[in-house]
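Okay, so here's the structure we're looking at.
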Amino acid sequence: MKFRTLAEYYEKLEGTSKRLELIDILSELFKKAKSDEIGKICYLIQGRVAPFFEPIEIGMAESMIAQSVSRAFDESKEDVLRLYRKLGNFGLAAQSLSNKKQATRDKLSVKEVFDELLRIAKFSGEGTVEKKVSTLSDLLKKVDPVSAKHIVNIPLDTLRLGIGDPTILDALSLSKNGDKTLRPILEDAYNKTSDLGFVAETFFKKGIGGIKNVKLVVGKPVRPALAERLPSADEAIKRLGKKFAAEPKFDGFRVQVHMDRRHLRGVPQAQHHLGGGGEGVILLFSRNLENTTHAFPDIVDGVKKEVKAKSAILEGEAIAYNPVTSEFLPFQETTKRRRKYKIEEMAKKLPLVLFAFDLLYLNGKDITQKPYKERRELLELIVSKNGDIVKIAEEKILKSAKEIAEFFNEAISEGLEGLMLKKLDSAYVAGGRGFHWIKFKRSQAGSLTDTLDCVLLGVYSGKGKRTEFGVGGLLVGVYDEKKDEFVSISRIGTGLTDEEFRKVNEISKHLRVQHKPARVNSNITPSHWVEPKVVLEIQADEITRSPIHTAGRDKEGLGYALRFPRLVKFREEDKRAEDATTVNEVIKLYNQQFAHHKK
Ligand code: AMP
């Protein structure tokens with residue numbers, strides 16, 4: 001396929017925000033793609049040249065782009081910047097300058113443009129800036145104006161097509177099958193590998209049979225299993241059966257460990273090599289599947305010494321822990337370890353322990369389909385009994401509500417967050433919530449016992465004392481998984497400390513946009529819209545029905561809203577926007593509190 005054809009589809013996609021239309025346009029595009037280019041197309045429409053979990057960025061900000069555009073079209077950098085300011089988008093500036101040139105342009109293929117962009121991403125060392133600038137400017141000279149527009153928008157992350165992963169999965173199914181019925185099977189493969197390009201390519205090359213055969217791969221993060229909430233221990237027992245596992249819910253952060261001592265294939269760049277001539281690899285992924293290997297050298301070291309397996313994918317919760325007093329430190333302490341600088345120094349000051357709680361892959365085999373009980377037994381076999389850094393999460397097999405209450409109180413008194421109850425015969429449900437895992441958290445004040453993970457949709461300018469913070473209020477929403485969009489649920493004007501207001505300002509500054517972002521559905525307009533990327537954990541007293549918000553809005557125009565919302569935690573580093581609480585969960589929570597009130 002010519003890149004020009006893809007660029008025309010970018011134009012069509014840009015022209016609508018309606019999900020059904022997006023799916024139709026994408027499926028039309030996919031029908032034209034060959035099996036060796038579909039993967040690249042999937043990355044490119046998400047503005048990338050690699051799956052999102054690989055730390056491969058094109059690495060060109062506005063100034064470098066301006067230089068490339070200037071060189072490509074013989075304009076001064078100042079003129080390019082002036083045009084950019086006038087048009088409000090660098091892509092449009094490049095398109096307009098390219099239009100003025102009557103050059104003969106090569107018809108580059110999607111593959112050629114992709115490879116050039118990837119080459120730009122991989123330049124490093126001395127002269128990097130010059131290499132990037134000249135390669136991009138050469139590329140811009142060779143393409144038509146519409147292609148130039150979109151090529152420039154890719155490194156700047158200003159494509160704004162508003163396409164989420166579920167939309168691509170629907171379109172893949174539609175393109176090959178004429179309907180969306182294959183979506184769940186494709187999604188399953190996506191949940192196991194988190195790699196849309198890989199899933200699309202496998203689908204095009206090997207058909208749906210090949211997709212059903214997709215297994216976990218060391219180096220590709222697995223979308224984590226998620227927990228459900230239930231209002232009481234009795235309700236939980238109904239779902240879990242007569243006997244079930246209970247573990248402390250550690251209040252740290254989730255780590256997915258990928259280890260292969262023998263060989264490495266198709267593994268991303270940022271990784272820890274296990275000596276011996278570069279054989280073997282250990283990778284760590286966060287809850288939102290970012291590669292965080294470099295940030296936790298102590299965990300990498302612990303895994304290397306204390307996990308006895310040739311290859312494995314395991315999950316655990318990392319928490320700051322005082323081995324002398326066996327004390328779990330509060331989340332505020334643990335989270336200090338998530339930093340970019342002074343990593344080694346902090347690792348000494350605040351050592352982490354990884355409490356391993358699940359095993360997904362062992363010695364070359366995907367074991368997600370084995371019952372939890374068996375996975376846990378295998379986990380116990382491979383984790384050293386007296387390791388300092390990797391420890392097995394304590395587990396009790398319980399049978400009654402009374403036993404749950406006792407263990408819960410014990411966990412709370414040790415400063416933990418509560419309990420995780422797990423079904424003994426359940427497979428590992430990648431990327432899914434289900435009643436195989438039920439969480440019981442320490443309740444805070446108010447009748448709503450659980451918190452919600454909300455997405456920051458907008459901010460209000462600060463007034464009075466808050467002018468200096470830059471932000472005086474927040475508009476937050478939840479995820480509507482059916483429509484693949486974000487809907488508003490609350491405005492938050494109090495319940496944040498001065499410092500937290502400042503932090504919201506800091507993290508939202510780069511995400512502010514002038515118009516309501518794609519995939520945001522809200523009737524309220526904040527002072528500034530924010531790209532839906534940041535997740536905040538919010539506690540509220542109650543969920544109420546409200547005509548103002550769009551979350552779960554019914555035919556009468558009534559949605560859901562939060563009463564007395566307040567910020568509990570910033571989760572911007574461990575949850576993606578799509579991992580926020582869903583509308584369905586909000587409705588469940590609403591009904592649960594109703595059941596409480598009736599008691
Ligand atoms: P939440 O983020 O509140 O929905 O709770 C789910 C999270 O609890 C998981 O993503 C883990 O990070 C964390 N967690 C802590 N302890 C455990 C455990 N024993 N089993 C599973 N998850 C745990």
Selection from the stretch 143-195 of residues open to solvent by 10 Å² or more (accessible area, probe 1.4 Å), closer than 30 Å to Lys100 by Cβ and assigned to a helix (DSSP H, G or I) yields Pro145, Val146, Lys149, Pro155, Leu156
Expected single match for in a helix (DSSP H, G or I), open to solvent by less than 30 Å² (accessible area, probe 1.4 Å) and within 15 Å of Ile151 (Cα to Cα) among Ser98, Ser27 is Ser98
The condition of being within 16 Å of the ligand (Cβ to nearest atom), within 30 Å of Leu22 (Cα to Cα) and touching a helix residue (DSSP H, G or I) at 6+ places or on another chain (Cβ under 8 Å) holds, among Val478, Val487, only for Val478
>> Going by what's in this entry, would Phe204 be described as in contact with a helix residue (DSSP H, G or I) (Cβ under 6 Å, 6 or more places away or on another chain) and either open to solvent by 20 Å² or more (accessible area, probe 1.4 Å) or assigned by TED's automatic domain parsing to the domain that holds Ile282 (or both)?
In response: yes
All-but-one check, Arg375 against (1) at pLDDT 95 or above; (2) open to solvent by less than 70 Å² (accessible area, probe 1.4 Å); (3) more than 15 Å from the ligand (Cβ to nearest atom); (4) part of a helix (DSSP H, G or I), failing number (3)
Of the residues in the stretch 302-334, those that are within 16 Å of the ligand (Cβ to nearest atom), out of contact with any helix residue (DSSP H, G or I) (no Cβ under 8 Å at 6 or more places or on another chain) and aliphatic (A, V, I, L, M) come to Ile313, Leu329
Okay, strands (runs of 3 or more DSSP E) sitting entirely in the stretch 379-425 with 1 or more residues that are under 31 Å from the mean Cα position of the chain (by Cα), I get 390-392, 418-422
The condition from (1) at pLDDT 95 or above; (2) surrounded by fewer than 17 Cβ atoms within 10 Å (Cβ to Cβ); (3) touching a Pro at 6+ places or on another chain (Cβ under 8 Å) that Leu456 misses is numbered (2)
Determine whether Glu395 is farther than 30 Å from Ala309 by Cα, of a type in the set (Asp, Glu) and within 16 Å of the ligand (Cβ to nearest atom).
-> no
Wholly inside the stretch 459-532, strands (runs of 3 or more DSSP E) that include 3 or more residues that are open to solvent by less than 50 Å² (accessible area, probe 1.4 Å) are 473-480, 485-492
Of those in the stretch 241-290 that are away from the ligand (no atom under 16 Å from the Cβ), at pLDDT 90 or above and assigned to a strand (DSSP E or B), the residue nearest to Leu360 (Cα to Cα) is His258
When you check Arg48 against the structure, is it within 24 Å of the chain's Cα centre (by Cα), of a type outside the set (Phe, Trp, Tyr) and under 20 Å from Asn191 (Cα atoms), yes or no?
yes
Residues of the stretch 572-588 being of a type outside the set (D, E, K, R) and closer than 21 Å to Phe253 by Cβ, in sequence order, are Ala577, Ala580, Thr581
Just one listed residue, out of Val390, Val429, is within 13 Å of the ligand (Cβ to nearest atom) and either closer than 30 Å to Asp366 by Cβ or open to solvent by 10 Å² or more (accessible area, probe 1.4 Å) (or both), and it is Val429
The condition of being crowded, with 22+ Cβ neighbours inside 10 Å, assigned to a loop (DSSP other than H, G, I, E, B), modelled with pLDDT of 95 or more and away from the ligand (no atom under 16 Å from the Cβ) holds, among Val222, Val199, Val214, only for Val214
Counting only residues in the stretch 335-372 that are among the small types (Gly, Ala, Ser) and on the phi < 0 side of the Ramachandran plot, the one nearest to the ligand (Cβ to nearest atom) is identified as Ala356
Of those in the stretch 330-364 that are over 17 Å from Ser286 (Cβ atoms) and without any contact (Cβ under 8 Å) to a residue 12 or more places away in the chain, the residue surrounded by the fewest Cβ atoms within 10 Å (Cβ to Cβ) is Tyr341
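The values are calculated or read from the model by the stated rules, or taken from the named source; none is laboratory data. All figures in this text were calculated on a predicted structure; none of them were measured in a lab. Note that we place each Cβ from the backbone using ideal geometry, even for glycine, and neighbour counts take in every protein chain shown. The accessibility values were calculated without ligands, DNA or RNA, using every heavy atom of the protein model including side chains. Shrake-Rupley method; radii C 1.70, N 1.55, O 1.52, S 1.80 Å.
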